[in-house]
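Single-structure report; data block below.
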Amino acid sequence: MNWLETIRTGLDAVRSHRMRSGLTVLGILIGIAAVMLTVGLGLGAQAQISQQINSLGSNLLIITPGSVTSSSGVRGGSGSASTLTETDATALASKVVAPDIAAVAPTVQRSESLTAGTSNWTTTVVGTTPDWATVRARTVDSGRFLTGQDITDHAAVAVLAATTAQQLFGARDAVGETVTVNGVPLTVTGVLKAAGSTSVANEDDQAVVPLSTASQRLFGGATRTSVQSIYLQAQSSDRLSAAYQEADSELSALHHVRAPASADFTITSQQSILNTATSITQTLTVLLGGIAGISLLVGGVGVMNIMLVSVTERIREIGLRKALGATPRMIRRQFMVEASVLGLAGGVLGVLLGAVAGAGLSKLISQPIVFSATATLGALAVAVAIGLVFGVYPASRAARLAPIEALRSE
Amino acid sequence: MTTDVLPVLEVPLLELCDVGKTYRSGSLEVEALRGASLSIQAGEFVAITGPSGSGKSTLMHVLGCLDSPTSGTYRLAGQDVSAMSEEELADVRNRRIGFVFQQFNLLASLTAGRNVELPLCYAGVGRAERSVQALEALTRVGLDHRVQHRPGELSGGQQQRVAIARALVGDPALILADEPTGNLDSASTSDVLGLLAELHAAGRTIVLITHESDVAAAAQRTVRIFDGAICDDSDRVRGGAHRAPAVRG
C-alpha cells in the first residue's frame, strides 16, 4: 500500500469518526488559541510600554542634581540641590567637549496658574531651550516653537501643549492669544502636537516658555541660574554610552567631584527606565505564557485521552486489517496520517481562531496584541506531538500483536 | 511407498505436522493444540468440527497465520510458515488466504464495496482495478446492488455475504471460514453454505470450522478435533477417493 492509499485510508477514518475527530481538533485548537492570545497580550503590553517610554524622546539621558545637605546636617532628597546650572548645560552643548551629545535641553519647571481672559488652568510650566523639542521628540501642531532669539530676549512667549490650550481657549486657535503667569502676560506662539499621556507624566498638559524668561521673570528665587534637570540626546543609540561618559566626566570636572560616590548629580538613561519597565512586563508575559501553557497541557491531556481510547476501541480493526494483509508498518502509517491530519487541522484552526479572536479582543480592550511566531509554532509543535505520540504509539503496539489477539480484544 | 501407484505427486496445500499451541496467561498454561497433524490438498472442502474448547478455533488461527504455533511445523503451499517474518506473513494472509469470521468483521465506517476492496488495497492494486474486482466479487455473492451500503444497513446474512466477497476477492488459494453461520438464521445459513459449495465447485479450497454437524455435512471431508488433537478424519475412512493420498512425513 503506497502513501497515497495510506493517506486516503487515514482521511476516511478521520471522516467516519466525526465526534472523536471533532473533539481532538477542539482540544488542540483551544490550546493553541489560548497560547497565542495570552502571549500576544503580554507582548502587546510590553510593546505599548516601551513605546510610551520611547515617546519621551529617543537616545535620551536625563541629568538631575544630587541631594543637598543643610548647615544643620539635614540631607535633602535627590534633586534638592541647586548645583546644576545653565553653565553646565552650555558646557555639555560644546561639540569639542562632548562630540557624542547631539542636543542639550536644560529645564526648570514649576506648577503655576495660567490665566487667559476669564478662564484659568493650573499646569506645569517648563522653562527650557529650543533643543527641548528635539530631545523630547515633540513638534508643534500650529504656530512655532521657541527660538534662540526668544532665549536671548527673555521673550514673553509660551508654547502650550494640546490639553492646556484646549482648557484655556476651548476650540479656538490659541496662537497669538495671551496667557498670564504670575502677572506676566505671555504671547502664545505655538501649540504642541498631542503625544498621548504616558505612565510617567501627562505630556499633553504643560506650557513651555524660554528658560531665561522662566528663571528671570516668572519663577524668581535666589538661584536664578540653576536648573532642575538637563535632557541630553546622544547622536545615535550606539553613541549613548559614549555620551554618558562625556557628560559624566565633564560635569565631574566642572563640579570638582573627586570620587564617583560624592557626585552631586545623577545621570539616568532612558534605556534604564525602559529596562525596568520591560522586566516588569516580561514577568507578566511569562506569567500569562505559563497560564497558556497549562491550558495547552490540559488540551493535550484531552487529546491524549481521546487518542488512547480511540486506538483501544479500534484494536479489533487493527487485527482485521492485519488479517487482511496489512503489515505493522502500514498500520503505523495509517494512524500516523490520522493523528497528523487531526493535529494539523486543530493547529491551523487554532491559529485562525487565535488571530481572529486576537484582533477582536485587541479592538475591544484597545490594547495591542503582538503575536509571537515562536509561541505559536511551539504550541503547534506540542499539540501535534501529543496527538502523534498518543495516537501512533498505542496503535503501533497493537500492530505488533498477533492478528488474532487484536481481533479478540474487546 | 513407490511412486508408480501415484498418478500425480502433489504437495498438499496445507500441512500441519505435530503442531502444538500453548497459551500462557499468568501462571496458567492452556494447551489448546497438542500434536495436531493434518494435510489438506488443493480443491478440498473440509469441515473441522468439535465441541467448544476442543481447539478448533486455535487450529483455524494457526491455519490462517493469525497466530503462530508454539511447536511443530506448518507448511502452506510447501513453505514453512513458522520461519516467516511479519511482512512475509502479512503477504501470505493477503494473497493466499481469505477469511470469513463468525462476527463478519466488516469495518462499519466503510461501504460494502470498500470493505471488499481492503485486501486489494494492501496488495497494492490500483483504485480502478480494485472497484472492478470488488464489484465482480459482490456480484458473485449476489450483492452487486449493495455496493454503496454500509454494513449497518445490511442484514446479518448480507453482511456475511459481503465478508465472503471480501474473502474471495484477491483470488486466494484457501478460504477459511470460522463458524460463518454461527450468527445467522436458517435461511441465511443455507445461503452461505450454498455459496461456499459453489466456490468449492469452482475449484477453491475451503476449510470450514463449525460445531454444528448439519453445517459440517456441507463439506466433503470432516475432521473432528477433541482436546487439541485430531481424533477422527473422514478422509481416512473414505480413503481420499477424490484426490491423491497425502504423503505424510
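The values are calculated or read from the model by the stated rules, or taken from the named source; none is laboratory data. Predicted model, so just to flag it, every value in this text is computed and none were measured. Counting neighbours? That spans all protein chains shown, and the Cβs are built from the backbone with ideal geometry, glycine included.
At a glance:
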| item | result |
| --- | --- |
| Positions within the stretch B:177-198 being among the acidic types (Asp, Glu) and closer than 22 Å to B:Lys56 by Cα, in sequence order | B:Asp178, B:Glu179 |
| Scan of the stretch A:135-161 for residues that are buried (at least 18 other Cβ atoms within 10 Å of the Cβ), over 21 Å from A:Asp173 (Cα atoms) and not hydrophobic (A, V, I, L, M, F, W, C), ordered by number | A:Arg136, A:Asp150 |
| Single match in B:Ala167, B:Ala137 (criterion: more than 10 Å from chain A (Cβ to nearest Cβ) and closer than 25 Å to B:Leu13 by Cα) | B:Ala137 |
| Qualifying residue in the stretch B:148-160 (condition: under 25 Å from B:Gly43 (Cα atoms) and crowded, with 20+ Cβ neighbours inside 10 Å) | yes |
| Selected residue (criterion: nearest to the other protein chains (Cβ to nearest Cβ)) from residues of the stretch B:64-79 that are at pLDDT below 90 and at positive phi | B:Ala77 |
| Enumerated strands (runs of 3 or more DSSP E) restricted to the stretch B:166-230, each holding at least 3 residues that are more than 21 Å from B:Arg96 (Cα to Cα) | B:221-226 |
| Single residue of A:Thr118, A:Thr178 found to be touching a residue at least 12 places away in the same chain (Cβ under 8 Å) and either closer than 20 Å to A:Leu60 by Cα or assigned by TED's automatic domain parsing to the domain that holds A:Ile230 (or both) | A:Thr178 |
| Unmet requirement for B:Asn94, which otherwise passes all of (1) surrounded by fewer than 23 Cβ atoms within 10 Å (Cβ to Cβ); (2) modelled with pLDDT of 90 or more | (1) |
| Residue in the stretch A:326-346 that is nearest to the chain's Cα centre (by Cα), counting only those that are polar (S, T, N, Q) and crowded, with 21+ Cβ neighbours inside 10 Å | A:Gln334 |
| Of all residues making up the stretch A:307-363, the number that are within 14 Å of chain B (Cβ to nearest Cβ) and within 12 Å of A:Ala398 (Cβ to Cβ) | 16 |
| The stretch A:383-401, residues that are surrounded by fewer than 20 Cβ atoms within 10 Å (Cβ to Cβ), farther than 13 Å from A:Leu344 by Cβ and not aromatic (Phe, Trp, Tyr) | A:Val389, A:Ser396, A:Arg397, A:Arg400, A:Leu401 |
| Any hit, the stretch A:347-367, residues being among the polar types (S, T, N, Q), over 22 Å from the mean Cα position of the chain (by Cα) and at pLDDT below 90 | no |
| Residue, farthest from B:Leu107 (Cα to Cα), within the stretch B:141-157, restricted to residues that are touching a residue at least 40 places away in the same chain (Cβ under 8 Å) and not hydrophobic (A, V, I, L, M, F, W, C) | B:Gly156 |
| The listed residue being at pLDDT below 80, assigned by TED's automatic domain parsing to the domain that holds A:Asp131 and charged (D, E, K, R), out of A:Arg224, A:Arg258 | A:Arg224 |
| Test for A:Leu61: is it out of contact with any Pro (no Cβ under 7 Å at 6 or more places or on another chain), away from chain B (no Cβ under 14 Å), in a helix (DSSP H, G or I) and hydrophobic (A, V, I, L, M, F, W, C) | no |
| Top-ranked residue of the stretch B:80-100 - restricted to ones that are over 19 Å from the mean Cα position of the chain (by Cα) and in a helix (DSSP H, G or I), ranked as farthest from the other protein chains (Cβ to nearest Cβ) | B:Ala83 |
| Unmet criterion (only one of (1) surrounded by 16 or more Cβ atoms within 10 Å (Cβ to Cβ); (2) more than 8 Å from chain A (Cβ to nearest Cβ); (3) modelled with pLDDT under 90) for B:Arg127 | (1) |
| Number of the exception - A:Leu61 against (1) within 30 Å of A:His255 (Cβ to Cβ); (2) crowded, with 17+ Cβ neighbours inside 10 Å; (3) modelled with pLDDT under 85 | (3) |
| Filter result (part of a loop (DSSP other than H, G, I, E, B), among the aliphatic types (A, V, I, L, M) and touching a Gly at 6+ places or on another chain (Cβ under 7 Å)) within the stretch B:101-139 | B:Ala108 |
| Selection within the stretch A:11-29 - in contact with a helix residue (DSSP H, G or I) (Cβ under 8 Å, 6 or more places away or on another chain) and away from chain B (no Cβ under 12 Å) | A:Leu23, A:Thr24, A:Val25, A:Leu26, A:Gly27, A:Ile28, A:Leu29 |
| Scope the stretch B:105-116; condition within 10 Å of chain A (Cβ to nearest Cβ) and crowded, with 23+ Cβ neighbours inside 10 Å; matching residues | B:Leu106, B:Asn115 |
